[in-house]
Amino acid sequence: MDRTETERSTHREVCGRLMDSPVIAAVKEEAGLDAALQSECGAVFLLFGSAASAGRLVDRVRAAGKLAIVHIDLVEGLSGREAAVDTLAALCRPDGIISTRPTLVRRARHLGFLTVQRVFMLDSLALSSLPGQLGVGKPDFLEILPGIIPRVIGEVAASTTTPVIAGGLIRYKDEVMAAMRAGAAAVSTSSPAVWNM
């Protein structure tokens, strides 16, 4: 499916807005969402919810003037199949989708969503398999976890044109700065202490 020029322009605008948010609020529960909506972060990664609550959560984020990016793998009631992306699009049409599954990222990209491929860098095998995963999903952004490994962030950022987001275990300003110096375009964190940097 080819995107119209309007869809491409909207997609570029959403990607640009995420790039303008060097710190992204990653929220795991309602209390965290309340704090994120009061923060200076321009984007929120929704790491919780259900098929029934997704629309309400996305609406709250948007009402606060922030990008709503849903981690589809963590939405209760949706399967790990490509049809889950279509279901989420019909339920609430978030600004973006996060997934560890390249096929879901690919489907979300075809539907015009901002896409974030989340990858856990556990060992050298994860690092070496990264090009293949990116080839399938072709995400707009790559989120590397844990985000406190600047050397690996630097290696990945140097080896791909896909902007890197560092996420996971980042709690302090110096960790945000280390990830950014290593080449991360942004940092996602569930730590409210760094949301207003």
Within the range 84-107, does at least one residue satisfy the condition of being assigned to a strand (DSSP E or B), in contact (Cβ under 8 Å) with a residue 60 or more places away in the chain, of a type outside the set (Asp, Glu) and touching a Phe, Trp or Tyr at 6+ places or on another chain (Cβ under 8 Å)?
yes
Restricting the range 143-197 to residues that are of a type in the set (Ser, Thr, Tyr) and over 25 Å from LEU125 (Cβ atoms), which is surrounded by the fewest Cβ atoms within 10 Å (Cβ to Cβ)?
TYR172
Hey, any hits in the range 70-91 for a residue that's touching a His at 6+ places or on another chain (Cβ under 9 Å) and among the β-branched types (Val, Ile, Thr)?
yes
For the list (1) more than 18 Å from the chain's Cα centre (by Cα); (2) closer than 16 Å to PHE113 by Cβ; (3) surrounded by 17 or more Cβ atoms within 10 Å (Cβ to Cβ), I need the number of the one condition that VAL44 fails.
(1)
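In the range 45-57, is there at least one residue being out of contact with any helix residue (DSSP H, G or I) (no Cβ under 8 Å at 6 or more places or on another chain), part of a helix (DSSP H, G or I), within 28 Å of LYS173 (Cβ to Cβ) and in contact (Cβ under 8 Å) with a residue 24 or more places away in the chain? Step through it out loud before you land on a result.
Initially, the range 45-57 is screened for residues out of contact with any helix residue (DSSP H, G or I) (no Cβ under 8 Å at 6 or more places or on another chain), giving 45, 50, 52-53, 56.
If we keep only those that are part of a helix (DSSP H, G or I) too, we end up with 56.
Then drop every residue that is not within 28 Å of LYS173 (Cβ to Cβ), which leaves none.
No - not one qualifying residue is present in the range 45-57.
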I'm trying to understand the selection: among the residues of the range 58-83, which are without any contact (Cβ under 8 Å) to a residue 40 or more places away in the chain and of a type in the set (A, V, I, L, M, F, W, C)?
VAL58, VAL61, ALA63, ALA64, ALA68, VAL70, ILE72, LEU74, VAL75, LEU78, ALA83
Of the conditions (1) under 23 Å from MET121 (Cα atoms); (2) part of a strand (DSSP E or B), LEU18 clears all except one; give me its number.
(2)
Does THR87 satisfy being closer than 28 Å to ALA63 by Cα, surrounded by fewer than 19 Cβ atoms within 10 Å (Cβ to Cβ) and of a type in the set (Ser, Thr, Tyr)?
yes
Which condition number in (1) of a type in the set (Gly, Ala, Ser); (2) over 20 Å from VAL187 (Cα atoms); (3) in a loop (DSSP other than H, G, I, E, B) is the one that GLY65 fails?
(2)
Can you run down the residue pairs with Cβ atoms below 9 Å, 6 or more apart or on separate chains, where the first is in the range 176-197 and free of Cβ contacts under 8 Å to residues at least 24 places away in the same chain and the partner is part of a helix (DSSP H, G or I) and surrounded by fewer than 18 Cβ atoms within 10 Å (Cβ to Cβ)?
ALA193/LYS173
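No value in this document is a laboratory result; all are computed from the given coordinates. Owing to the predicted nature of the structure, the values given are computational and were not obtained by experimental measurement. Because the Cβ atoms are built from the backbone with ideal geometry, glycine has one as well, and the counts that use them run over all protein chains shown.
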